[in-house]
């Protein structure tokens, strides 16, 4: 399904467009899109995380300029603004809790984009919340109130949709479920630099724990595909821990629908089955559980929805 918003009536405005940038830990996606949300041109780059934050932003801005120039030439319109999404909690002068790219937490991302792109209209938000925006506008959470977008990939996060809007929280940290304590034995949390649930059940957490069992450097995808009984037990246990917390979240919010996206959804049957068992047993009114519409590109579409909402 191609996302569609109300198309502008002015023929000149129909040629105008917006930019979207998804800054991820391993890849950066950049796109231009019509004011109806249809992607016109796109480009993907490797983040090259070990080389630091500045080079990643610089290369993303260069890609954005290439796409803007090509889109202007093809469309004859103007770029009206840019939306950008990032891991962590995006603030004006820094990005809190985003340690995976050296220097990323020091970025004043909104200002860098305004200056680098020469645009006044710039909007930035956390990547999972952006995914929730996209799913609520155009995808699997449309008309779901409340709804939850659950992102299961390299990290773990949730976007809570209430009244058609993503709940930010007092500090922009609503839905940061990777920081949940797994149980009462967890005594080290965020103040100790830990993210207990994410370290246990995310893609990167599974890879680390799988290496302790198998040696080498297995990926989460390889662990999900493995027939080794030790690995199957490890993955099933991680999914069940995750499912307990998703069920608790559903008890708290009483959502109508939960949409699940992210890299782990390459094993969707196994992931959804584990979640559904806990939801059906533990939640007074179990929500419907569905794959996200934008399983892998929710953050990029969210960056576009973000700036379209701002405009």
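The values are calculated or read from the model by the stated rules, or taken from the named source; none is laboratory data. In this text the structure is predicted, and so the values were computed from the model without any measurement. Neighbour counts are summed over all protein chains in view; Cβ atoms, including those assigned to glycine, are modelled from backbone coordinates with ideal geometry.
Descriptive notes on the structure:
- Residue 260 vs. criteria in a strand (DSSP E or B), closer than 23 Å to residue 143 by Cβ and assigned by TED's automatic domain parsing to the domain that holds residue 149: yes
- Of all residues in region 276-302, those that are under 19 Å from the mean Cα position of the chain (by Cα) and more than 14 Å from residue 139 (Cβ to Cβ) total 1.
- Checking 121, 158, 140, 130 one by one, the residue that is in contact with a strand residue (DSSP E or B) (Cβ under 6 Å, 6 or more places away or on another chain) and over 29 Å from residue 207 (Cβ atoms) is 121 and no other.
- The criterion of at least 1 residues that are at negative phi and surrounded by fewer than 18 Cβ atoms within 10 Å (Cβ to Cβ) is met by the following strands (runs of 3 or more DSSP E) wholly inside region 27-121: 27-34, 39-46.
- Exactly one residue out of 130, 170, 136 is in contact with a helix residue (DSSP H, G or I) (Cβ under 6 Å, 6 or more places away or on another chain) and either touching a residue at least 12 places away in the same chain (Cβ under 8 Å) or assigned to a loop (DSSP other than H, G, I, E, B) (or both), and it is 130.
- Residue in region 179-198 that is farthest from residue 244 (Cα to Cα), counting only those that are in a helix (DSSP H, G or I) and touching a helix residue (DSSP H, G or I) at 6+ places or on another chain (Cβ under 8 Å): 190
- Here region 1-26 is the region considered, the condition is being modelled with pLDDT of 90 or more and over 21 Å from the mean Cα position of the chain (by Cα), and the residue that is surrounded by the most Cβ atoms within 10 Å (Cβ to Cβ) is 17.
- Single unsatisfied condition, residue 153 versus (1) over 20 Å from residue 298 (Cα atoms); (2) modelled with pLDDT under 95: (1)
- From the options 206, 185, residue that is closer than 16 Å to residue 152 by Cβ and without any contact (Cβ under 8 Å) to a residue 40 or more places away in the chain: 206
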